[in-house]
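What follows is calculated from the coordinates using simple rules that are stated; it is not laboratory data. All values reported here derive from a predicted model rather than from experimental measurement. Here the Cβ is made from the backbone with ideal geometry for all residues, glycine too, and neighbour counts use every protein chain on show.
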Amino acid sequence: MELTMQKKVVLGLQHTIAMFGATVLVPLLTGLNPSVALVAAGVGTLLFHLVTKQMVPVFLGSSFAFIPVIVTGTERGYSWEAIGAGIIGAAVLYIAMSIVVTFVGSDIIRRIFPPIVTGPVITIIGITLAPVAIGMADDTWWLALVTLLATVIAAIFFRGLFQMLPILTGAIVGYLAAVLFLDEFSFSAVGEASWIGWPEFTWGLGNIEWAAIALIAPIAFVTMIEHVGDILANGRVVNKDFFKEPGLHRTLLGDGIATLFAGLVGGPPNTTYSENTGVLAVTKVYDPFIIRIGAVFAIALGFIPKLAAILTTVPVPVLGGLSIILFGMIASVGMRTLVEAEVDFKKGRNMIVVGLILVFGLGVSGLESPISIGDVEISGLALAAVIGVVANLILPMDIEEVAPVTGDETVSAELD
């Protein structure tokens, strides 16, 4: 069926709505500018489509995986320019991996980052963010709970497009509750903002701190796995193999260039969005041109300061209520990754790999004094990913099964 331009515009706007909530939530949680995030997502999506021969119907938005290290970076006193340099470092890793995949093929990604490594690493992202969510909700619990309840109801009981936008639904309900019942709520910032204006970009590499780059850039290895999964899922929905054409090397390169742009203008790192793949599945309209229309809408929204002002008036407890469900879902996705891959936990080597990732990731993230090499701070998430990759590659596959636990017996595993 041939769609008119009017229908394509409406479908494109729908894609913008699908990515909007998550894309603006990341800068609100980290202190970055939501208007810049929208522009970075829109331009990043267009750059991605250019690199991938305009074949892949993917929308890029703000990545949640980078929230812990960006928050840590601000707590350590790094400037926004230094954090931007770290994001650019992540983009460089993406581009480097795309070059590697060009010469050795996509199987190397699956070999280095199998589900037994990526599952627990993703789980760590959600768990380490849990204190952030509770801390934001602690100020006014009733408002956080109203937001959380509305989000859960939308996710479970709503149907169609609204079921795919539970975060946006929860945010609207929580915001309205704050307007009606929160005494200190104020619209003054909205009234002072203009309708059209230039976003507050943080241009260039004004302050390079290698410690910030070492903290932020390695998270790219985590989001690469998310990228692979999203491209596979997108291909299944539209019934195409994007690993073959345009190729995983091009999709990785597109993601890297989009994140490079985000780092240069002061936006959060970009990643492929499964929310928009869900929209494709519902509408069964797979034209990449419609995604590009949505990207243009995202850019246009970024140049409306009044919208940015409204976003900055969202009370912290509302963000806390949204974060409780979001961060919990991130942790659950990690566990689901292990289940769907049918990882056999009767095998001692699998328990060792997952155990090492969890202990180092959570343990190092919880330290009052971070682990450092010189002036370079090592994040728990990056350390866990590296240890998991190395352990999975070097541990033999023929480790015997773990003996069952009965009574007071201890679990033991013999290594051949």
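Of the residues L180, F59, I352, the one whose Cα sits farthest towards the positive end of the charge dipole of the chain is F59 (charges of +1 on Lys and Arg Cβ, -1 on Asp and Glu Cβ, taken about the Cα centre). If I fit a long axis through the Cα atoms of helix 348-365 and take the longest principal axis of the Cα atoms of the chain, what angle between them do I get, 0 to 90°, rounded to 10? Once rounded, the angle reads 50 degrees. Neighbour counting of Cβ atoms within 10 Å sorts the residues F103, F242, fewest neighbours leading, into F103, F242. When each of the peptides 325-332, 134-141 is scored by how many other beta carbons lie within 10 Å of its residues on average, the order from highest to lowest is 325-332, 134-141. Placing unit charges on the Cβ atoms only, positive for Lys and Arg and negative for Asp and Glu, gives the chain a dipole magnitude near 1520 debye about its Cα centre. Selection among L129, V316, Y94 by position relative to the dipole of the chain gives Y94 as farthest towards the positive end (Cβ unit charges, Cα centre). Put one equal scatterer on each alpha carbon of region 135-246, apply the Debye formula with no solvent term, and list log10 I(q)/I(0) at q = 0.23 1/Å to two decimals. Log-scaled intensity ratios, in q order: -1.09. For q = 0.18, 0.21 Å⁻¹, what log10 I(q)/I(0) does region 1-94 give under the Debye formula with an equal point scatterer on each alpha carbon and no solvent? The Cα Debye sum returns log10 ratios of -0.91, -1.14. Scaling against 2.2 N^0.38 Å puts the C-alpha radius of gyration of region 5-394 at 0.94.
Packing order of peptides 293-304, 25-36, highest average first: 25-36, 293-304 (average count of other Cβ atoms within 10 Å over each peptide's residues). Residue-wise HN-Hα couplings along region 297-310, as the Karplus relation 6.51 cos²θ - 1.76 cosθ + 1.60 with θ = phi - 60° gives them from phi, are 4, 4, 4, 4, 4, x, 9, 10, x, 5, 5, 4, 5, 4 Hz; Gly and Pro carry x. Between F103 and L50, the C-beta separation translates, for a Förster distance of 30 Å, into a calculated FRET efficiency of about 0.85.
Sorted ascending by nearby beta carbons within 10 Å, beginning with the fewest, H249, H15 become H249, H15. With the convex hull of the Cα atoms taken as the outline of region 65-216, the averaged projected area works out to 13.9 nm².
For region 222-261, dividing the convex hull volume of the Cα atoms by the residue count gives 59 Å³ per residue. Counting other Cβ atoms within 10 Å as a rough exposure proxy, the listed residues K347, K244, K7, K306 run K244, K7, K306, K347 from fewest neighbours to most. Taking 7 Å steps out from each Cα toward its Cβ at V359 and E75 produces label points 2.3 nm apart.
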